[in-house]
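A short write-up of the structure that comes next.
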Amino acid sequence: MSDIHLDSAVLAALQDVMEDEYPVLLDTYLADSEERLRLLRQAMREADAQGLRLAAHSFKGSCSNMGAPMLASLCKQLEEVGRRELLAEAPELIEQIEREFAIVRILFKSERQRYRT
Amino acid sequence: MPARLSILIAEDNAADRMLLSTIVSRQGHRSLTASNGMEAVALFEQERPQLVLMDALMPVMDGFEAARRIKQMAGEELVPIIFLTSLTEGEALVRCLEAGGDDFLAKPYNRVILEAKINAMDRLRRLQDTVLQQRDLIAQHNEYLLNEQRVAKAVFDKVAHSGCLAAPNIRYLQSPYALFNGDLLLAAFKPSGGMHVLLGDFTGHGLPAAIGAMPLAEVFYGMTAKGYSLTEILREINAKLKRILPLGVFCCATLLNISFQRRVVEVWNGGLPDGYLLRANGAERVPLVSRHLPLGVLAPAAFNDRYEVFPLELGDRVFLLSDGVLEACNQQGELFGERRLHRVFSANRQPAQLFAEIQQALLNFRGELQDDVSLVEVSMVEEGSLSRGPLVFTGSGQNSPLDWSASFEFRGETLRRFNPLPFLLQLLLEVEGLRPQGGALYSVLAELYSNALEHGVLGLDSSLKCDAEGFAEYYLQRSTRLAQLREGYVRFHLQLVPESTGGRLTVRVEDSGSGFDGQAIVEQQLRVDRLCGRGLALVRQLSERCTWPEDGRGVSVEFSWLAGA
């Protein structure tokens, strides 16, 4: 597993902090991330630069906390795009974010599986 | 071990919120969570947490606005707000601080740093708490203190109120709480119509400085009203303060005895700055120098009651001040001093402006107002121009004796040390009918007694007193001769008889003076001289009858009263 997508050291630390709650945290993150993606798409549709920025900012925060550095970095770029109102560059970035999240999601699902067993 | 805190977490991202909440709980704190600013404010109001972790960017209400509202609700209490942010632009961080943020925590969260920050903020929070508690405690103590001072001042004002500071010939300036700077100003009419004035300055400040003022004022007013002399009052005050005050607490004071009738002032200064006798013509400033230790220092046997006597003309003023004036200090650490005071005196044209000019000079010197200054000025005025209340009595007013006679003979040793007038006056004022005339009675007795003592027993020549030099000489001779007095006497024969309408008092005063060889006419003439000018007029004016008996021995005066008058 590549640490570019998911940092195993961070996951170890999270598991240490959360103990039995660790799977719940993972579930919460995944559910929350789906919501962020939905908001990103909506903001883009509505050409809402500020909404784009806020959703990207929040998504970036949880990605960095959950040890998904690549995804956090893409969110940061999108946040910057929103801040500078360069909406034309948004679709490309959102697509990249969706692809990266698909990977992270799979990795988290397997992490969840691993933990359960 | 840090205390368990209640910590509010405001974060719109569910995963981050959960993570933070778990970290905080694992560290032993209670966590409250909100998913936007509005919820955070509501939760804060309801739960009053001690610390807030606040995301900056949130829907509904952002962290900046929520922080402002929470800080406002917290009031004086310090509720630290740590902003959770990955904001990197300086401007955004400034916004966090301006909204009331106390610190930042960057994402991703680091447990160790978060714990350290919570502990640091908790220390700050408790420090602020302690400061507030101590501030409130100090404010409370201060309130107690001021209240105690108000009560003490009210009690003291009652005691001091019996005085005559409001007399038109007295001008004074004192801060309302001068008492708690240790300053004390008292003035009272004597039964003879003269005036005693005391300016005192107790060592120290606050209640300890004020505490001695009460007994001092009681002695001053009580003894003045009973007709005791300056020296007797000084001795009593000194002995009393010596007895009751702790070591190191004493009272610098100047006591004045002003006689409007004789136009003299007696001055005793123990430890106060020089007072001044300011002549009406402005020509002269006579310093009234301290020649004694303050009151309450020396044991009674070592106390020196020697005073100085100065003749006064109409319009002459006696000026006294406390050391607050001379010891006023400017920012360079210089003292105001006597030289600057004398410059103010010299520049003064309107006597009524003197106090204001002194204050102005102090203000110019210091750059701010001085509030521990006491100034008093007493003017020589025409006798009788001052109206005064009736004498105050301490007797019960019952069982008034009506029909008796008594004779007293005071001889050499006694005349040197003892003033019989208060004793005689107290005895006579047991007679209720005489009380309305108490002042006149005292004045006449005082005049007859000093006449008998000074001219009869001591053989002093009153014509000496015609100029200032002779005046000083007269009082020098008086004290020298009195100190050497071995023989001689002054007799008082008091006779009280009831009359159908009231009663009558006859007082005959005799002395051991020579020159009574039946030469009645010469004698009569001599006596007129001896009771120099105003003295005789006064006795005649105040008593109902004034006679010189055939044998020439002594003077006889009568007072009568109507029952129920």
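Readers should treat all values here as calculations from the given coordinates under stated rules, not as data from a laboratory. Please read these numbers as outputs of a predicted model, since none were measured by experiment. FYI the Cβ positions are ideal-geometry reconstructions off the backbone, even for glycines, and counts take in every protein chain you see.
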Seminar exercise, completed: From fewest to most C-beta neighbours within 10 Å, the residues B:PHE418, B:PHE83 line up as B:PHE418, B:PHE83
Exercise. What list do you get for B:PHE423, B:PHE260 if you sort them by fewest beta carbons within 10 Å?
Worked result: B:PHE423, B:PHE260
Seminar exercise, completed: To the nearest 0.05, the calculated FRET efficiency linking B:CYS466 and B:GLN541 through their beta-carbon distance, R0 being 25 Å, is 0.60
Problem set entry | Most to least packed among B:451-458, B:211-218, B:278-285 [average Cβ atoms within 10 Å] | B:451-458, B:211-218, B:278-285
Seminar exercise, completed: With +1 on the Cβ of every Lys and Arg and -1 on the Cβ of every Asp and Glu, the dipole magnitude of chain B about its Cα centre, in debye rounded to the nearest 20, is 700 debye
Seminar exercise, completed: Shielding of A:4-13 by other chains, given as the mean Cβ count within 10 Å, works out to 1
Exercise. Which value in deg cm²/dmol, rounded to the nearest 500, describes the helix-derived mean residue ellipticity at 222 nm for chain A, given -39,500 (n - 2.57) per DSSP H run of n ≥ 4 and division by the residue count?
Worked result: -27500 deg cm²/dmol
For this session: Just add up the charged neighbours of B:GLY63: K/R +1, D/E -1, any other residue whose Cβ is under 14 Å from the Cβ of B:GLY63.
Result: -4
Problem set entry | Neighbour-count ranking [beta-carbon atoms within 10 angstrom, fewest first] of B:TRP404, B:TRP268, B:TRP561 | B:TRP404, B:TRP561, B:TRP268
Problem set entry | For B:16-22, mean number of other protein chain Cβ atoms within 10 Å | 6
For this session: Over the whole of A:75-82, what's the average partner chain Cβ count within 10 Å per residue? Rounded to a whole number, please.
Result: 1
